[in-house]
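Comments concern the structure below.
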Amino acid sequence: MPELPEVETALRGISPHISGRTVKNTVVRQPKLRFPVTPDLAGILHNQTVLSCTRRAKYLLVGFNTGVLLIHLGMSGSLRILTAENPDIDNPGKHDHVDIVFDNGTVLRYRDPRRFGMVSWFAGAAEHHPLLAALGPEPFEPQFDAAYLYSKLHAQKRAVKLALMDNAVVVGIGNIYANESLFKAGISPKRPADKITKQECVKLVETIQAVLNRAIATGGSTLRDFVDSNGQSGYFQQEYTVYGRHNEPCVQCGELIQKETLGQRGTFYCSRCQK
């Protein structure tokens, strides 16, 4: 599933092309996504101007005068920007489910082979949407500091990796980046959250932010069929230190990387470097 860096990459790719533009047409070819596409989305968006493009957790938020369009990429979704020069603009594929056409001819195209995503209208402020109201802080917000993280972890006994992946604690740290951050912080993903010290929380906040920033800088991961708005894959996968490296040597000590399942997700770690 695309995680925060992939969604941030998508946001930065589409925002310059659609901010300030007016919607002239919306084409919904397949409304049956995980959450059905809002009925009469074409009528709702017609002649509305994009006032903002932001991200909250893994949701892309396109703001208009009367509400916000929430887009979630699901397991395999992606967004493409197409202009008149692109030969694909008039040749959508079988998995190209929604086109939003702007006044200058630019098309924002939503593609989702597995149809686990979301393109949904909300007539109100985004922070009041039921899916967003109870979310924890963003990992780059000032609120997400060592003191905050320690207070959240100290109150629970489950594995620290599961706590970090809980959107009520902090948003956007999915499986890949939880594995990578815990390795760089030297913390075992299996350790109970309430056993993480205050000093370790300082290190963990630093590594989470560093890992996410690096992933954003490299365009995210080539996870499943994620591509950015130009159709290019991300490259952070080439820098994985533990994720997906079961039985390969640790980049720090040479010990073989271990794999276990926590919360039904593959968990990769070095038993020597992570305690």
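The values are calculated or read from the model by the stated rules, or taken from the named source; none is laboratory data. The shown structure was predicted, so the numbers you read here are calculated from the model rather than taken from an experiment. A quick note on method: Cβ atoms are made from the backbone with ideal geometry, for glycine too, and the neighbour counts reach across all protein chains shown. Keep in mind that these areas ignore ligands, DNA and RNA; they rest on the heavy atoms of the full protein, side chains included. Shrake-Rupley method; radii C 1.70, N 1.55, O 1.52, S 1.80 Å.
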What is the residue count in region 107-130 for residues that are part of a loop (DSSP other than H, G, I, E, B) and open to solvent by less than 50 Å² (accessible area, probe 1.4 Å)? 6
When Asn175 is evaluated against the numbered criteria (1) assigned by the TED database to the domain that holds Lys203; (2) modelled with pLDDT of 95 or more, which criterion, by number, is the only one it fails? (2)
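If you take the residues in region 217-275 that are of a type in the set (D, E, K, R) and open to solvent by less than 50 Å² (accessible area, probe 1.4 Å), which one is modelled with the lowest pLDDT?
Asp228
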May I ask you to list the residues in region 154-197 that are in contact with a strand residue (DSSP E or B) (Cβ under 8 Å, 6 or more places away or on another chain), touching a residue at least 40 places away in the same chain (Cβ under 8 Å) and not in a loop (DSSP other than H, G, I, E, B)? Ala159, Lys161, Leu162, Asn175, Asn179, Leu182, Phe183, Ala193
Can you give me the number of residues within region 1-48 that are assigned to a loop (DSSP other than H, G, I, E, B), open to solvent by less than 20 Å² (accessible area, probe 1.4 Å) and under 20 Å from His97 (Cα atoms)? 3
Looking at region 95-106, is at least one residue open to solvent by less than 50 Å² (accessible area, probe 1.4 Å), in a helix (DSSP H, G or I), outside the structural domain of Gly172 (by the TED database) and not basic (Lys, Arg)? no
Do the conditions hold for Val37, that is, is it at pLDDT 95 or above, among the hydrophobic types (A, V, I, L, M, F, W, C), closer than 19 Å to Leu131 by Cβ and within 22 Å of the chain's Cα centre (by Cα)? yes
Return yes or no: is Val211 buried (at least 19 other Cβ atoms within 10 Å of the Cβ), closer than 17 Å to Thr241 by Cβ and either at pLDDT 95 or above or of a type outside the set (D, E, K, R) (or both)? yes
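Can you find even one residue in region 178-188 that is surrounded by 14 or more Cβ atoms within 10 Å (Cβ to Cβ), assigned by the TED database to the domain that holds Ile257 and at pLDDT below 95? Let's see the steps before the verdict.
So in region 178-188, the residues surrounded by 14 or more Cβ atoms within 10 Å (Cβ to Cβ) come out as 178-188.
Next cut, assigned by the TED database to the domain that holds Ile257 only: 178-188.
Now restrict to residues that are at pLDDT below 95: none.
Among the residues of region 178-188, not one is surrounded by 14 or more Cβ atoms within 10 Å (Cβ to Cβ), assigned by the TED database to the domain that holds Ile257 and at pLDDT below 95, which makes the answer no.
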It is to be established whether one or more residues within region 56-66 are buried (at least 18 other Cβ atoms within 10 Å of the Cβ), among the aliphatic types (A, V, I, L, M) and over 17 Å from Glu8 (Cβ atoms). no
Of Ala84, Ala133, the only residue that is open to solvent by 50 Å² or more (accessible area, probe 1.4 Å) and not assigned by the TED database to the domain that holds Val28 is Ala133
Test each condition in (1) among the hydroxyl-bearing types (Ser, Thr, Tyr); (2) at pLDDT below 95; (3) under 17 Å from Ser19 (Cβ atoms) for Thr54 and report the one that comes out false. (2)
